[in-house]
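The values are calculated or read from the model by the stated rules, or taken from the named source; none is laboratory data. Note that the structure is predicted; figures quoted are calculated from it, not measured. Because the Cβ atoms are built from the backbone with ideal geometry, glycine has one as well, and the counts that use them run over all protein chains shown. These accessible areas exclude ligands, DNA and RNA; they are computed on the full protein's heavy atoms, side chains included. Shrake-Rupley method; radii C 1.70, N 1.55, O 1.52, S 1.80 Å.
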Amino acid sequence: MLKGSQDLTILGIETSCDETAIAVVDASGGLASPKFRVRANIISSQIKMHAPYGGVVPNLAKREHIRNLPIILEQALRKAGIGDPQKEINAIAVTVGPGLEPALWTGITFAQKLTQEWNLPVVAANHMEGHLVTPLLGPRVSKVAFPLIALLVSGGHTEIVLVKSWGKYQVLGETVDDAAGEAFDKVARMLELPYPGGPEISRLARTGNRYSFSFPRPMLQQKNYNFSFSGLKTAVLYQLRDLREQKIPFSKNDIAASFEDAVIDVLMLKTMRAAAEHKAKSIIVGGGVAANTQLRARMRDAVKKEKQNRALYLAPLSMTGDNAAMIAASAYFHAVCDDFANWKKLEAHATLPL
Ligand code: KG4
Ligand code: ZN
């Protein structure tokens, strides 16, 4: 039934971190002009539960995923109007990595059960490929031109990827220490802001002066596409220590704005450099940090100023964070190539590369 068909309904399952998510996505158009319709995208966030610990506790995440998955499945099927999954769904997609292994296993075990019950093929999905394809789920996305440069910025990853066609990825550079989102979270903690810190820093930065403190732009001058945010984080730590020790009054908003500006400078400039070097026709920005207002605005400005007619695709704000629609969408590119996994051999991979 599946073979050769380009019109597929895919059920996506995502449990790599602290969101339990299930989605139903209709996909068509094949690799040449993929189109997606999100019929259901249910997310149950555990953020409040992990917040007191200042980060995600893997075993707590695992317990919650196990509890939530059946409930969310029912909600997703109902929302999508699926009465008979075996007949109306063509494939299951489950995130197998990268992520927290105990959390990933819960989604995998759940997917294995459904695969058998409904007799459906399964795609082993890569979480970062999910973030990469998310901009395709936005409204009015026309055919994306290649080559494409993707900036993927999340809590666990920061990478620049060259995409020559869907499913063919070459990582040009990545962080050598902290991910961008992780740096936001750590600096937020220094400022005694709640977890996750990215949205909090971004909120404070809105009314702060980004020229108040001069933080380093790590690796900006290096002619590669790697990042390093650990030194920047330490610079903020020392600055705060000095201010506090010397009892100098300061505004958290100014620290937040100056830190955010440093991160965005590096992300934006390296992405634009990669786009120029590889003559990219399109640029994509995805991952949790893609929700950052300044990053979005500065990427838009940079692309406009450059006058190279590069198209910019930002992940829709409602889908920058972890969700299962992106997992279903990424799986489409594998399903149309018949790239299915043996459900019995599905395994969690904490550091799965793109
Ligand atoms: O992609 P994501 O939801 O989960 C992972 O795959 O890691 O990314 C979460 C990260 C967190 O570090 C969070 O602080 C950051 O994205 N984040 C932001 C913003 N919203 C979320 N960082 C900066 N500005 C934001 N507005
Ligand atoms: Zn993510």
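Values for this structure:
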{"read-out": "In Hz, Karplus ³J(HN,Hα) per residue of the stretch 151-161 (6.51, -1.76, 1.60; θ = phi - 60°; x = Gly, Pro)", "value": "9, 10, 10, 9, x, x, 9, 9, 8, 10, 10"}
{"read-out": "Distance from the stretch 213-278 to the stretch 109-183 (C-alpha centre basis), Å", "value": "26"}
{"read-out": "Reachable lysines from residue 87, criterion Cα separation under 20 angstrom, eight or more residues apart if same chain", "value": "3, 79, 113"}
{"read-out": "Gyration tensor (Cα) of the stretch 81-227, equivalent ellipsoid semi-axes in angstrom", "value": "35, 21, 16"}
{"read-out": "Spatially near lysine pairs across the stretch 220-325, Cα under 18 Å, sequence gap of 8 or more or different chains", "value": "14"}
{"read-out": "Relative contact order (percent, whole number), the chain, Cα cutoff 8 Å, 6+ residue spacing", "value": "25"}
{"read-out": "Helix axis angle, 293-306 relative to the chain longest principal axis, alpha carbon, degrees", "value": "90"}
{"read-out": "Efficiency of FRET between residue 247 and residue 297 - r from beta-carbon atoms, R0 51 angstrom, step 0.05", "value": "0.90"}
{"read-out": "Tail beyond 12 Å, pair distance distribution of the stretch 133-175 (Cα, percent)", "value": "63"}
{"read-out": "Average Cα contact separation per residue, the stretch 174-271, under 8 Å, 6 or more apart, as relative contact order %", "value": "39"}
{"read-out": "Per-residue SASA entry for residue 164, accessible area with 1.4 Å probe, Å² rounded to 10", "value": "130"}
{"read-out": "Rounded FRET efficiency, nearest 0.05, which uses the C-beta distance separating residue 79 from residue 237 and R0 of 41 Å", "value": "0.40"}
{"read-out": "In degrees, nearest ten, helix 101-118 long axis to first principal axis of the chain (Cα)", "value": "20"}
{"read-out": "Potential lengthening between residue 165 and residue 281 on full extension [0.36 nm per residue; Cα-Cα distance subtracted]", "value": "40.6 nm"}
{"read-out": "Local electrostatic count at residue 38 - Lys and Arg +1, Asp and Glu -1, tallied over other residues with Cβ under 12 Å", "value": "+3"}
{"read-out": "Linear extension gain, residue 189 paired with residue 140, 0.36 nm per residue minus alpha-carbon span", "value": "13.8 nm"}
{"read-out": "Computed FRET value (nearest 0.05) for residue 307 with residue 217, which takes r as the C-beta separation and R₀ as 25 Å", "value": "0.55"}
{"read-out": "Rg(Cα)/(2.2 N^0.38 Å) for the stretch 260-302, N = residue count", "value": "1.11"}
{"read-out": "Debye-sum result for the stretch 30-135 in log10 I(q)/I(0), which assumes one identical scatterer on each alpha carbon, at q = 0.15 Å⁻¹", "value": "-0.75"}
{"read-out": "Nearest 10 degrees, 0 to 90: helix 180-190 Cα axis against the chain principal axis", "value": "50"}
{"read-out": "Principal axis box of the chain, alpha-carbon based, largest edge first, Å", "value": "69, 46, 31"}
{"read-out": "Whole-angstrom Cα spans of the stretch 144-315 along principal axes, big to small", "value": "54, 28, 28"}
{"read-out": "Kirkwood-based shape ratio for the stretch 254-354, expressed as Rg/Rh from alpha carbons", "value": "1.06"}
{"read-out": "Taking the stretch 144-315 and dividing mean pair separation by its residue count, relative contact order in percent (alpha carbons under 8 Å, at least six apart)", "value": "29"}
